[in-house]
Every structure is written in structure tokens, then in C-alpha cells.
1. With 10 angstrom as the radius, rank 129, 182 by how many other C-beta atoms surround their C-beta, starting from the fewest.
2. Quick one: helix 27-42 against the long Cα principal axis of the chain, what's the angle to the nearest 10°, folded into 0 to 90?
3. Averaged over all directions, how much area does the convex hull of the C-alpha atoms of region 29-71 cover when projected, in nm²?
4. With log10 I(q)/I(0) by the Debye sum over Cα atoms at q = 0.08, 0.14, 0.18 Å⁻¹ defined as stated, name the option among (i) -0.38, -0.85, -1.18; (ii) -0.45, -0.86, -1.18; (iii) -0.30, -0.92, -1.42 computed from the structure displayed.
5. In what order do 158, 58 fall by count of nearby beta-carbon atoms within 10 Å, going from fewest to most?
6. Among the listed pairs 86/186; 55/140; 186/219; 55/139, give every one whose C-alpha distance is greater than 24 Å.
7. I'd like the Karplus ³J(HN,Hα) series for region 144-161: coefficients 6.51, -1.76, 1.60, θ = phi - 60°, whole numbers in Hz, and an x wherever there's a Gly or Pro.
8. Would you mind ranking 130, 71, 199 by Cβ crowding within 10 Å, fewest neighbours first?
Amino acid sequence: MKVAANSILSSLNPKRLSKIIVVRDDFTIIGYVLMDYLARFLKLRSLRDHNVKFKCECGYTFNAKLRDWWRFLFHFEPKTLTFLQKNVSKEDVVLDIGAHIGIHTIHLAKIAKFVYAIEPELDNLRLLIRNISMNNVKKKVIILPYAVSSTDGLVNFCVSSESTGAHHILSSNETSMDYKAILKVKAYTLDTLLLNILRLDHVDVIKIDVEGHELEVIKGGSKTTST
């Protein structure tokens, strides 16, 4: 996530900004971009963490931190979005593991029968709840404030100081010095979550974005993924 954000920041020359204004017809986001540049320069972390409203290209409204403006310039993760739009139908039950603030969750809830959104980080969780309500999909989404891993129990969860999308379970060979905080978070395996807690006999589509912990999520879902 950090690399993606930096690559966008470095490419925002005046010509590109003009293109954004023309394509998006959205002067508000340009103001957010300039505010974030200034906040980065002055090292005003509190300003960069200020909650503001964005509108995505599909017309949905999101509460997000100022620093996350780059997620709303164009379609966020367009290949993922295209895949989900092609492979999710109105009768499908979807699991969104690593829901963040709900960008994919909202799009999924508009086309699927039901979505289970999993997000353990508290700030993201608050924004996820607000975004689900704001976009009128409360009846189609259940939020689960857990992490998902290969075993059940408490895990060390890293809260990134730079990107709201880079929070993740601390791996055994990783140092924690670059993170704002290390929290103890409740984790479940995919099998425990679906079979014992939610008591679902199946899900149709699973989207996983857990910052490098994807294999551990899959390991914990041997029963679920085999059906």
C-alpha cells in the first residue's frame, strides 16, 4: 500500500491534476491532495488523520482519512473490482477479509445477496460502520471485528504509522519498529469463523487482502475451501 501511494504522489504533476479535475469534475479532492502535501511537508500527522468525505467513481460516498485521498482518484484496485463485478451475482454470499473502510464491501453489497466484512483495526472499523450506513447497505452487511489466520487465538497486530491499509498480523520474522502500535487482536481460522461462529454451510466468493498474511488465511480454511 505504501508503494502504491508513493507512486501516485510522485506522478501528480500539474498536467495530471488538470486531467483529474476534468475527468472527475471534483475540485474537493484536489483540495484534499494539496492539504495532504502540506501536512506531509509540515509533518502534521493529526491533519493527515482527519476524517473527510470522498466520492468514488461509482458515485458512492465514503468517510476516510485525509491521507487516503489517493484511493479515490480513480477506481480503487481496478483489476480486483473488475474481477468481483464479473464473478459475483445477486444470489451470492461474499466474505470480505481485510475490509478496511469498506470500499470493496460497498461495491459487493450493491451486487451480492449478502456480505460478511472482516476488519480488526479500530479506526478502520469505525469508518467501515459509517460507510456501510451512509451507502444504505446495513441490511446486507455484517461486520466482524476479528483477524483471520491459520490458528485460533490472540495475535500480535501491527498498526501502521503511514498507511491505513497496511495494518497486519506480525509475522515471526518481522520487526515491529516501523509501526505505531502492536495490539493483541482476536483471530479465528476461516473454518472456525464460518462453520462455528457464523454457521454457514458455504460462501460463494472470498476476497482476501491481509498484507502478506493471505497464505495463513487459506491454511485455516481447509474445510471451507474444500466444499
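Just so it is clear, none of the values below were taken in a lab; they were calculated from the coordinates. Note that the structure is a prediction, hence the values are computed from the model and not measured. As a convention, Cβ positions derive from the backbone with ideal geometry for all residues, glycine included, and neighbour counts pool all protein chains shown.
1. Working: 129 19, 182 12.
Lowest count first: 182, 129.
2. 90
3. On the way: hull surface 10.6 nm².
Its average projected convex-hull area is 2.7 nm².
4. (iii)
5. Values: 158 23, 58 12.
Ordered from fewest to most neighbouring Cβ atoms within 10 Å, 158, 58 come out as 58, 158.
6. On the way: 86/186 33 Å; 55/140 21 Å; 186/219 17 Å; 55/139 22 Å.
Check vs 24 Å cut-off fails for 86/186.
7. Along region 144-161, the couplings run 10, x, 10, 9, 10, 8, 8, 9, 7, x, 7, 10, 7, 10, 7, 9, 5, 8 Hz.
8. On the way: 130 17, 71 24, 199 7.
Fewest-to-most Cβ neighbours within 10 Å comes out as 199, 130, 71.
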